[in-house]
1. Which members of the stretch 132-146 meet the condition of being loosely packed, with under 13 Cβ neighbours inside 10 Å and farther than 13 Å from residue 55 by Cα?
2. Report yes if residue 89 is crowded, with 16+ Cβ neighbours inside 10 Å, farther than 25 Å from residue 26 by Cβ and at pLDDT 95 or above, otherwise no.
3. Of all residues in the stretch 132-147, which are assigned to a helix (DSSP H, G or I), farther than 15 Å from residue 62 by Cβ and touching a strand residue (DSSP E or B) at 6+ places or on another chain (Cβ under 7 Å)?
4. Inside the stretch 14-29, can you point out the residues that are in a helix (DSSP H, G or I) and either touching a helix residue (DSSP H, G or I) at 6+ places or on another chain (Cβ under 9 Å) or surrounded by fewer than 17 Cβ atoms within 10 Å (Cβ to Cβ) (or both)?
5. If we keep just the residues of the stretch 30-85 that are part of a loop (DSSP other than H, G, I, E, B) and within 13 Å of residue 9 (Cβ to Cβ), which is nearest to the chain's Cα centre (by Cα)?
6. Tell me the residue from 45, 49, 32 that is surrounded by 14 or more Cβ atoms within 10 Å (Cβ to Cβ) and on the phi > 0 side of the Ramachandran plot, please.
7. With respect to the numbered conditions (1) touching a residue at least 12 places away in the same chain (Cβ under 8 Å); (2) farther than 23 Å from residue 18 by Cα; (3) assigned to a loop (DSSP other than H, G, I, E, B), which one is the sole condition not fulfilled by residue 125?
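The values are calculated or read from the model by the stated rules, or taken from the named source; none is laboratory data. Given the structure is predicted, the values throughout are model-derived calculations rather than measurements. Cβ placement follows ideal geometry from the backbone for every residue including glycine, while neighbour counts extend to all protein chains displayed.
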């Protein structure tokens, strides 16, 4: 018996990797995460088949732009071992990797962007546990509830 499907919000800067890039390549390793809490969500929480809201950050109009699915179990992020990579970590080794990733598979682009401003306007409906709109939250991987997933997609 499989575990209950979980839901996540994953942020990417569109000039680095956008929903259009994911649509083009279909599946991509979600590499470069260098925050322990975000890593732990991927390592300990994500399961193949979980739903992902794809969020464009650090852009003129930040917001949710599409959906994707967790397509692999967690495994070591190879960029941590490459001295030429921006994500190289000299303290990490293949025997004891620090950084983990999952593969993400494209589902669809939303009909429109659900903007950060809209998310803030719907804070009462999303609840206090919706970390995306909490001040100071910088995580690139966040858990969301099934109810939040359903509500957010209803805004499309």
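1. Within the stretch 132-146, the first condition is being loosely packed, with under 13 Cβ neighbours inside 10 Å, and the residues that meet it are 134-138, 146.
Selection gives 134, 135, 136, 137, 146.
2. Working: crowded, with 16+ Cβ neighbours inside 10 Å: yes; farther than 25 Å from residue 26 by Cβ: yes; at pLDDT 95 or above: yes.
For residue 89, the condition - crowded, with 16+ Cβ neighbours inside 10 Å, farther than 25 Å from residue 26 by Cβ and at pLDDT 95 or above - is met.
3. First, pick out the residues of the stretch 132-147 that are assigned to a helix (DSSP H, G or I): 132-133, 146-147.
Imposing the further condition that a residue be farther than 15 Å from residue 62 by Cβ reduces the set to 146-147.
Result: 146, single match.
4. Going residue by residue through the stretch 14-29, those that are in a helix (DSSP H, G or I) are 19-25.
The answer is 20, 21, 23, 24, 25.
5. Going residue by residue through the stretch 30-85, those that are part of a loop (DSSP other than H, G, I, E, B) are 30-35, 46-50, 57-62, 71-74, 77, 82-85.
Then keep just the ones that are within 13 Å of residue 9 (Cβ to Cβ); that gives 30, 46, 50, 57, 62.
On the way: 30: 8, 46: 10, 50: 11, 57: 11, 62: 14 Å.
Ranking the candidates gives 30 first.
6. Values: 45 fails: on the phi > 0 side of the Ramachandran plot; 49 fails: surrounded by 14 or more Cβ atoms within 10 Å (Cβ to Cβ).
Among 45, 49, 32, only 32 is surrounded by 14 or more Cβ atoms within 10 Å (Cβ to Cβ) and on the phi > 0 side of the Ramachandran plot.
7. For residue 125, the failing item is (3).
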